[in-house]
Amino acid sequence: MSLFGALFAGVSGLRSQSVAMSAIADNVTNVNTIGYKGTQVNFKTLMTVETSLTQYTGVGVQSSPRQNVDIQGLLQATTSSTDVAISGSGFFVTSSVADVGSNDLFTYTRAGQFKVDNAGYLQNVGGGYMQGWPLTFYDGSQTASTVESGNDIFMKAYIQENGDKLIINDNVIDNSNLRPLNLNTIGGLAAPTTSMALGANLPAQANINHNERVSALIFDSLGNPHNLSYNFTKTAANEWASTIEQPAQSAVVTQKTQKGEVYYAGGRIDFMSEAQLPISGNLIFQVHGTDFQILLNNDPSAVDDDLTTVATADRTMSQVLDELAQVINANMIAAYGGAGIGDAPTVPGNWARRISGENGITFDNVSPTRAMTFQVDPANPIKDNAGKQIVYQNISAGYIVPALDSGEIDSGIIGEVTLAWYDLSGSNYDSATGAPAARPQRGASAVKFAGHGVPAEFFGRHPSEAPSPKFTVEIVWANGAEDMRAENMLEGNPRSPAIETFFGNYHTPDGLTQMSGEFQLNSLQQNGAKFGNFSGVTIGEDGIVTALFDNGIRRPVFMIPLASFTNPSGLQSLSGNSWIESDFSGSPMLREAGGVGSGFINAAALESSTVDLSTEFTRMITTQRAYSSAAKIITTADEMLNELLNIKR
């Protein structure tokens, strides 16, 4: 190596140490930058091809900066629920714009200091908008990626502007499969009741037909509160039937067994209390194959008829409803077989009943073969004196109350209802003629107790026949709320399923019991809530963003994915403490937080800079010494050149 080579080596030293000092300066100034990854400058030699064993041809040093992106920073707690930190590997996916276009870049960052901007989007201090997977209720789609949260199942999907649902491919990074989180789009929420558990002691010493009642508060999909009442009637030793008094503004209620058979079914009509009297109109029924109509006649000269007419002039609403219930009941008795045959049992006493303190009438369908239908006559709707329709259950198509399930039919003339609460088909028949010999009997019990007071059977089934004792209650609403039906889940509407009801486990005193003593309600638990306003979010370590509402409801709305790279230190750095992929980093792979190959997300926490000041100051000293030494090489080589030039003199 010549003296000129020594000069160039000194220059390369100055240049490399300048790069090292620049990295140190960058590290020191970013010591408090959230998610910052320190840069370390390494050095490598520069050589030329050796042409002689007696010559040395090195030409200096070259710097090689390396940003240690894969080093974990310390986590520090904060008070903001939208601050997030990654513990482990992975990066948040962000973009410089909220709604990413086809020409916009996705960037990757560890800076989780997200705040809500003026449009409701989550944006970090570097200007990056959080991107992730919106969550909706799972509708059964086979191609959807599902996420479980509590007892609910959600899927990665969202509704597009054209109204179509897009199911997200969580392996793809583009503007269709990644969406921004906008808190302004989270409105108020009501939660319908979907489950109920009841525990009570039914008195063992009670006589046959003794009745106990439990009222539970439930909520429809609009957040309206309602009372749903269970009636327990003792039908035999250790056996109790269960029927339901359905809530106001409902049209049909159905109680189904563990296997989905109809155990109890009833309908209801509600009149609005603010009606201007007198009222008029026509009701149409079909009960057990028999059609009948009841006219509400407001003519002052009209008189009551036991089967066809209710005079409404000069009567209060309460008086009209009392009379109407009696007329409906008389028609149902006739339809079910006539007096002595079609009469209702002691409890409930009548097939149609005015609800005490309410402007409503309920009625039971006990036909094992035919559904009941009822409707307000579209040609003569029920109106008040001002012409206003005053019945909630007023859809023109009417309502259907399903038939009871009769189970297996025995051979011969006698039919036996083994599944429903009532046996209209008749367990008491004249074996010679096949004619009814007496009033039909109650059917299966809802619960049969063992001799030590715990349930042995539910709806006539042992644990071997129906391992789960849970049953369902379905409600058709007339107030605009979504109907509570088991079929909703199968039809892609999981928001308002049937109410799953639990009276206890088999042979376990954790629900209903039958012991000596008074009736006692021990427990009553149900979910659901009235309408509540959005109040904030929480973020789980799995990346699920859960919206909080002031009615106590929590609903997952978003999932934050983490991107991982084969070589994260090969990412290309951008301003704003973010990176983009490069040929050296490899392509990003999206994963759920906490999954294989990705870290966990910590809410209300931030990842500190990886810069250690003591290390940086030590490097600063050594870099300064190295820079001075490189400069000394240049001055020394210069002096040697001067000596060489002086030889000629």
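The values are calculated or read from the model by the stated rules, or taken from the named source; none is laboratory data. All values reported here derive from a predicted model rather than from experimental measurement. Backbone-built Cβ (ideal geometry, glycine too); neighbour counts: all protein chains shown. Ligands, DNA and RNA are stripped out before the accessible areas are found, and what is left, the full protein with its side chains, is counted by its heavy atoms. Shrake-Rupley method; radii C 1.70, N 1.55, O 1.52, S 1.80 Å.
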Specify which residue in the list L7, G342, P463 is farthest towards the positive end of the charge dipole of the chain, using unit charges on the beta carbon of Lys, Arg (+1) and Asp, Glu (-1), about the Cα centre. L7
Length-normalised contact order of the chain, Cα under 8 Å, at least 6 apart, in percent, tallies to 21
If you wrap a convex hull around the alpha carbons of segment 66-220, what volume per residue comes out, as a whole number of Å³? 236
The summed charge of the S229 Cβ neighbourhood (under 13 Å; Lys/Arg +1, Asp/Glu -1) stands at 0
Short version: ³J(HN,Hα) in whole Hz for each residue of segment 577-585, in order, from phi by Karplus 6.51 cos²θ - 1.76 cosθ + 1.60 (θ = phi - 60°), x for Gly and Pro, what are they? 6, 9, 9, 10, 5, 9, 5, 7, 7
Residue by residue through segment 523-539, what is 3J(HN,Hα) from phi via Karplus (6.51 cos²θ - 1.76 cosθ + 1.60, θ = phi - 60°)? Round to whole Hz and write x for glycine and proline. 7, 8, 10, 8, 9, x, 7, 5, 4, x, 8, 5, 10, x, 9, 10, 10
At 1.4 Å probe size, with every protein chain present, just tell me what the per residue accessible area of the chain comes to in Å². 46
Sites V172 and Q525 - FRET efficiency at Förster radius 41 Å, r taken between beta-carbons, to 0.05: 0.45
For segment 440-487 the mean separation of alpha carbon contacts under 8 Å (6+ apart) over residue count, i.e. relative contact order in percent, is 21
Scoring only Lys, Arg, Asp and Glu (+1, +1, -1, -1) among other residues with Cβ under 13 Å from the Cβ of S64 yields +3
To the nearest 20 debye, segment 228-369 has a Cα-centred charge dipole, built from +1 on Lys and Arg Cβ and -1 on Asp and Glu Cβ, of 540
Quickly rank 611-621, 546-556 as a protection proxy: mean count of other C-beta atoms within 10 Å, highest first. 546-556, 611-621
Degrees separating the helix 317-335 axis from the principal Cα axis of the chain, which is the longest one: 70
By how many degrees, 0 to 90 and rounded to 10, does the Cα axis of helix 3-29 deviate from the longest principal axis of the chain? 30
Q319-E518 FRET efficiency (beta carbon distance; Förster radius 35 Å; 0.05 resolution): 0.45
With Cα atoms, 0 to 90° folded angle of helix 613-648 axis to the chain main axis: 30
Skipping prolines and chain starts, which residues have an amide H placed within reach, meaning under 5 Å, of the one on G543, given they are 5 or more residues away or on another chain? I601
Calc'd 3J(HN,Hα), segment 385-392, phi into Karplus 6.51 cos²θ - 1.76 cosθ + 1.60 (θ = phi - 60°), Hz, glycine/Pro = x, comes to 5, 8, x, 8, 5, 10, 10, 5
Could you list which residues have their amide H under 5 Å from that of L75, counting only those 5 or more apart in sequence or on another chain, with H placed in the peptide plane? S608
Which length gain, in nm to one decimal place, applies between D304 and L613 when the Cα-Cα distance is subtracted from 0.36 nm times their residue separation? 101.6 nm
Point-charge dipole on Cβ atoms (K/R +1, D/E -1) for the chain, about Cα centre, debye to 20: 2500
Directionally averaged shadow of segment 79-133, computed from the convex hull of its alpha-carbon atoms, nm²: 4.3
Summing -39500 (n - 2.57) over every DSSP H run of at least 4 residues in the chain and dividing by its residue count gives a helix-only mean residue ellipticity at 222 nm, to the nearest 500 deg cm²/dmol, of -4500 deg cm²/dmol
Accessible surface of the chain [probe 1.4 Å, protein heavy atoms]: carbon and sulfur percent: 50
Using the structure shown, list the pairs from K165/K259; K37/K632; K234/K470; K156/K259; K37/K156 with a Cα-Cα distance above 26 Å, or answer none. K165/K259; K37/K632; K156/K259; K37/K156
Under a 5 Å amide H to amide H cut-off, with H placed in plane at 1.01 Å, what residues pair with Q520 once short-range neighbours are removed? N201
Highest-first arrangement of 155-163, 107-115, where packing means the average Cβ count within 10 Å: 107-115, 155-163
